[in-house]
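K.L.:
Have a look at the structure that comes next, please.
The values are calculated or read from the model by the stated rules, or taken from the named source; none is laboratory data. Being a predicted model, the structure only gives us computed values, none of them experimental. When we count neighbours, we look across all protein chains shown, and the Cβ atoms used for this are built from the backbone with ideal geometry, even at glycine. Please note that ligands, DNA and RNA were not included when accessible areas were found on the heavy atoms of the full protein model with its side chains. Shrake-Rupley method; radii C 1.70, N 1.55, O 1.52, S 1.80 Å.
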Amino acid sequence: MPLDRYVGLSGQKWAGDLYIGVGVSGAIQHLLGIKDVKTICVINNDEAAPFFENCDYGIVGDFHEVLSLLIEEING
């Protein structure tokens, strides 16, 4: 991906209503780039990932399985 698509590391910031981090560990550089997001949701298979200490909602699990279930639920 181009550098301008990286959040945090490149200095890019995002401050929307909802951020969904999938497979992102939660490095401090990334967290600083999303500090103004209203609601942060995280999916990661590592329950010790730093992101879980810095999110509103967190799901520990394989993102392939979790995303499939979330898509099914949203689609009804």
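K.L.:
If ASP36, ASP46 are ordered by their accessible area, calculated over protein heavy atoms with a 1.4 Å probe, which sequence runs from highest to lowest? Let's see the in-between values first.
P.N.:
Values: ASP36 95, ASP46 75 Å².
Final ranking, largest accessible area leading: ASP36, ASP46.
K.L.:
What figure, in Å² to the nearest 10, do you get for the accessible area of LEU69 with a 1.4 Å probe and non-protein molecules left out?
P.N.:
110 Å²
K.L.:
If you take log10 I(q)/I(0) by the Debye sum over Cα atoms at q = 0.12, 0.16 Å⁻¹ from the coordinates, which of (i) -0.34, -0.60; (ii) -0.29, -0.53; (iii) -0.25, -0.46 do you get?
P.N.:
This structure yields the entry labelled (i).
K.L.:
Counting only protein heavy atoms and using a 1.4 Å probe, what share of the accessible area of the chain belongs to carbon plus sulfur, as a whole percent? The partial results should precede the final answer.
P.N.:
Details: 2970 of 5510 Å².
Taking all protein chains in place, the chain shows 54 percent carbon and sulfur surface.
K.L.:
Turning to a different aspect of this structure: Rolling a 1.4 angstrom probe over the protein chains, ignoring ligands and nucleic acids, what is the accessible area of ILE20 in square angstrom, nearest 10?
P.N.:
100 Å²
K.L.:
Report the charge-dipole magnitude of the chain in Debye, nearest 20, computed about the Cα centre from +1 at each Lys and Arg Cβ and -1 at each Asp and Glu Cβ. Before the final figure, lay out each step's value.
P.N.:
Numbers: 4 positive and 11 negative charges, 87 e Å.
Approximately 420 debye in magnitude.
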